[in-house]
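The values are calculated or read from the model by the stated rules, or taken from the named source; none is laboratory data. Every value quoted in this text rests on a predicted model; they were computed, and no experiment measured them. No Cβ is skipped: glycine too gets one built from the backbone with ideal geometry, and neighbour counts run over all protein chains shown.
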């Protein structure tokens, strides 16, 4: 190691290295960028990996359906598990029509776009997908991005500048935060789902202001108090952006999202969504005015300087959208399953926080104990991933259940029984 200050981590917690997490390795006092690697790897190999962190990134060998085959990385054992961890809310990821559409596009276009959208990467299937999304969202135009993350980063950094204001719910996704940081605008957070606090945060600001919320919040599963938030933002002449990653294609009579549900679609300036949740694909989109689309063509750097979304994925997503529009019963089945699971969890006395959606957190609130519970759930046949800092605040750890339209009542019954039995055995009920 080069001479100079040695790497340091935060003071050891009361439990010693066993209570370390990623936050302890965020900073180093050394001038060498790589100096933090040694203490981090000492923690990783000496404690973390052998005590639960290996539960992350376990490879599946099956589609993300209600049951999956998964390789347990420590023992290299193949597990057959009931799956409540994947999004795939409408079960379209492996729908035969979706797979067939992707195969046909693969034959026609090849594997990748081999270029950015503004140069050589735009293909007919991309144009068709953007037109279909714009029609579905009832907007003038829609722009497709390679990922949901790049959508928010590219959009926000394209619009906002130093001296402007981005005022967002404190629970928004990391991609929204990162986009605001990249824009170098002034950033304020208002208390989660508190229109009164948004009012306070907007007061005293002037100039260009963008208020950002989500339709359904990804870690708590609760809906935005959208009508009240829209009213506050409008009163202050602020533009409004909503990220409906977890509510597009699910909420509202036509499935357009929480904004449709509350009748405020036309009051919101920018609509964002993803293809990786309800449609089971990959990518993101921005829907709004043609003027917005035109401006993003030149300034959304995460799209301008990225390869376009793979044509086979684009074709599969387009077919998934057609199915979602054609078969509203998929949404009906999803919400029936959600109600069934909620009833089972309530009957078992399991804490699900403030969730009102298909995302149901199982609140553990013990960052150290959650990994042992996760292993016990896997041994009992249920796949759920531990959610800890930095995805949520410290001591707000939880499991996150994702209900889909393709789960059966019997599978949900089995999952609830496993959860109840394991939590009781672990002293969490």
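All conditions in (1) modelled with pLDDT of 95 or more; (2) surrounded by 15 or more Cβ atoms within 10 Å (Cβ to Cβ); (3) outside any loop (DSSP other than H, G, I, E, B) hold for residue 90, with the sole exception of (3).
Within the range 387-402, the set of residues being in contact with a helix residue (DSSP H, G or I) (Cβ under 7 Å, 6 or more places away or on another chain) and farther than 16 Å from residue 350 by Cα comprises 388, 389, 390.
Out of 342, 375, 379, I need the residue that is without any contact (Cβ under 8 Å) to a residue 60 or more places away in the chain, assigned by TED's automatic domain parsing to the domain that holds residue 68, part of a helix (DSSP H, G or I) and more than 19 Å from residue 218 (Cβ to Cβ). Which one? Explain how you work it out, then say what you get.
On the way: 342 fails: more than 19 Å from residue 218 (Cβ to Cβ); 375 fails: without any contact (Cβ under 8 Å) to a residue 60 or more places away in the chain.
Answer to the selection: 379.
Considering each residue of the range 98-115, count those that are in a helix (DSSP H, G or I) and over 19 Å from residue 277 (Cβ atoms), and give that number.
Just the residues of the range 98-115 that are in a helix (DSSP H, G or I), to begin with: 98-109.
Now narrow it down to the ones that are over 19 Å from residue 277 (Cβ atoms): 100, 103-109.
So the answer is 8.
Against the criterion of being on the phi > 0 side of the Ramachandran plot, surrounded by fewer than 21 Cβ atoms within 10 Å (Cβ to Cβ) and not assigned by TED's automatic domain parsing to the domain that holds residue 218, residue 395 qualifies. For the range 249-267, a residue qualifies if it is under 23 Å from residue 167 (Cβ atoms) and surrounded by 24 or more Cβ atoms within 10 Å (Cβ to Cβ), and the qualifying residues are 257, 258, 259.
Which number in (1) more than 19 Å from residue 277 (Cβ to Cβ); (2) surrounded by fewer than 20 Cβ atoms within 10 Å (Cβ to Cβ); (3) more than 21 Å from the chain's Cα centre (by Cα) marks the one condition that residue 159 misses? So the condition that residue 159 fails would be (2). The residue pairs whose first member lies in the range 242-260 and is assigned by TED's automatic domain parsing to the domain that holds residue 168 and more than 21 Å from residue 281 (Cα to Cα), whose second member is in a loop (DSSP other than H, G, I, E, B) and at pLDDT 95 or above, and whose beta carbons are closer than 6 Å, counting only pairs six or more residues apart or on different chains, are 259/268; 260/252. For the structure I just gave you, tell me whether residue 72 is surrounded by 14 or more Cβ atoms within 10 Å (Cβ to Cβ), at pLDDT below 95 and touching a helix residue (DSSP H, G or I) at 6+ places or on another chain (Cβ under 8 Å). Judged against the criteria, residue 72 is a match.
Every condition in (1) modelled with pLDDT of 95 or more; (2) more than 14 Å from the chain's Cα centre (by Cα); (3) surrounded by fewer than 23 Cβ atoms within 10 Å (Cβ to Cβ) holds for residue 177 except the one numbered (2).
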